[in-house]
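Written out below as structure tokens is the structure these notes cover.
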Amino acid sequence: MLTQIKDLAEKLAPRLIEIRRHIHAHPELSGQEYQTAAYVAGVLSSCGLHVEEAVGKTGVVGELTGKGQDSRRLAIRTDMDALPINEQTNLEFASRKPGVMHACGHDVHTTLGLGTAMILSQLEGGLPGNMRFIFQPAEEIAQGASWMVQDGAMRDVSHIFGVHVFPSIPARSLGIRYGALTAAADDLEIFITGESGHGARPHQAIDAIWIASQVITTLQQALSRTQNPLHPIVLTIGQISGGRAPNIIADQVRMAGTVRSLHPKTHADLPAWIENIVAQVCQTYGAKYTMNYRHGVPSVQNDPTLNQLLEAAAKEAWGGDRVQILEESSLGAEDFSLYLQHAPGTMFRLGVGDRDRPYYPLHHPLFEVDEAAIVTGVVTLAYASWLYWQGQ
Ligand SMILES: [Zn+2]
Ligand SMILES: [Zn+2]
């Protein structure tokens, strides 16, 4: 079966590169993936899949019906949106839209979803069970997955695979992470209200700027002294504003930041822990506060069983030296985690780096991928899917 899948992938490679370049040249921002979605739907239909459009606003779902009795359903999720970045690569298929660029590799992801669907729909004898191909919009604004789930994309799904390109892994290799792949990312906003007064007479006022600085310092120190250092947390206050003049004590400060964590219990406990510190500092110095805490996407926690299956598939297809077991999580975020609230799954990192040239990071205007990664990606996904149906 691996040979059949590899042969199909090699035969399809020129077409897949054409697809990827078409999507790359016509990027669309989060929530506006109309042309991409129509293009994806067209390719899926031509492979004989049952296609549903406008799922999760601009998402697409393709169903490949199995020929056997297995009642499980395996899903593969890819994302389709681009970023508000002005591409500077000078590639012949560079973005035709000024200010919009596929700088996160979602053009490659979409191609991988389509390529895997093409291969699996052509397998002799078909698949024992049903597969769902989920093409989501708006990953970059961490909204698309929740739109897809709300529209039923995870209904009857037993397991799900996801993939993200990674420029620091060389092309033709991939990385598998056991445990947490990405962090939970929450939004934090704190308003501190003191009392205005003359800059020369602090004893007659309540200085909101100084109290805000105490809040930030206490939070950072308490993180290091009261939280388990093996459960990482990053708290970044990225915005702060307050005050009207150099000689007036400020009565209002607004701070906003991002809170990243890997451990689910830490993630659940953080809002109350932060608020307790803010409250204590404010109370000590007589200020009032309000705090808004919004849980963003949770951490991507990969399923160990599906990881083992993926690792076995990748090692058989490419050999052990092309499969990296990733030692570290990332404190980046990925809304793939929202699908994992409905079924176990795993997301792997597909190498797109070039050994001979320096790579540019994701979200960089010079970001490029080595297109050899496309065959690596589709074969890995198709063969792992095949192995999934062989086990119970
Ligand atoms: Zn991105
Ligand atoms: Zn991305």
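Every read-out reported here was derived from the displayed coordinates using simple, explicitly stated rules and does not represent laboratory data. It should be emphasised that the depicted structure is a prediction, and the values quoted were computed from it without experimental measurement. Every residue, glycine as well, gets a Cβ built from its backbone with ideal geometry; the counts of neighbours run over all protein chains shown.
Residues whose amide H lies under 5 Å from that of ARG73, counting only those 5 or more places away or on a different chain, are SER158, HIS159; hydrogens are built 1.01 Å from N in the peptide plane. Summing +1 for each Lys or Arg and -1 for each Asp or Glu among the other residues whose beta-carbon sits under 14 angstrom from that of GLU328 gives +2. Evaluated over the chain, the count of Lys pairs having alpha-carbon atoms less than 30 Å apart is 7 (only pairs 8 or more residues apart or interchain). Seen against the Cα atoms of the chain and their longest principal axis, helix 34-46 is set at about 30 degrees. Roughly how tilted is helix 264-285, in degrees to the nearest 10 and between 0 and 90, from the longest Cα axis of the chain? Approximately 10 degrees, to the nearest 10.
Annotation: peptides 293-306, 128-141, 311-324, 341-354, ranked by per-residue average of other Cβ atoms within 10 Å with the highest first, follow the order 128-141, 341-354, 293-306, 311-324.
Past the 28 angstrom mark, what percentage of all C-alpha to C-alpha distances in the chain do you count? The proportion of pairs with Cα distances above 28 Å equals 51 percent.
Of all DSSP beta bridges confined to the chain, the antiparallel ones make up roughly 65%. Here the calculated FRET efficiency for ASN228 and ALA279, from their Cβ-Cβ distance with R0 = 22 Å, stands at 0.50, rounded to the nearest 0.05.
Roughly what angle does helix 106-121 make with the longest principal axis of the chain, taking Cα atoms, 0 to 90 degrees, to the nearest 10? The helix 106-121 is inclined about 30 degrees to the chain. Shape annotation for region 268-362: C-alpha extents along the principal axes are 64, 37, 19 Å, from largest to smallest.
From the largest down, region 192-231 spans 46, 15, 10 angstrom on the principal axes of its Cα atoms. Both the radius of gyration and Dmax for region 184-297 are 15.0, 47 Å, in that order, over alpha-carbon atoms. For MET80, the amide hydrogen comes within under 5 Å of the amide hydrogens of GLN136, ALA138, GLU139, counting only partners 5 or more places away or on other chains and with H modelled in the peptide plane. Lys and Arg at +1, Asp and Glu at -1: add these up for the other residues within a Cβ distance under 10 Å of THR182 and post the number. With Lys, Arg at +1 and Asp, Glu at -1, the net is 0. Applying 0.36 nm per residue to the separation of LEU387 and GLU316 and subtracting their alpha-carbon distance, the gain on full extension is 24.4 nm. Principal axis extents of the Cα atoms in region 61-189, from largest to smallest and rounded to whole angstrom, are 50, 44, 29.
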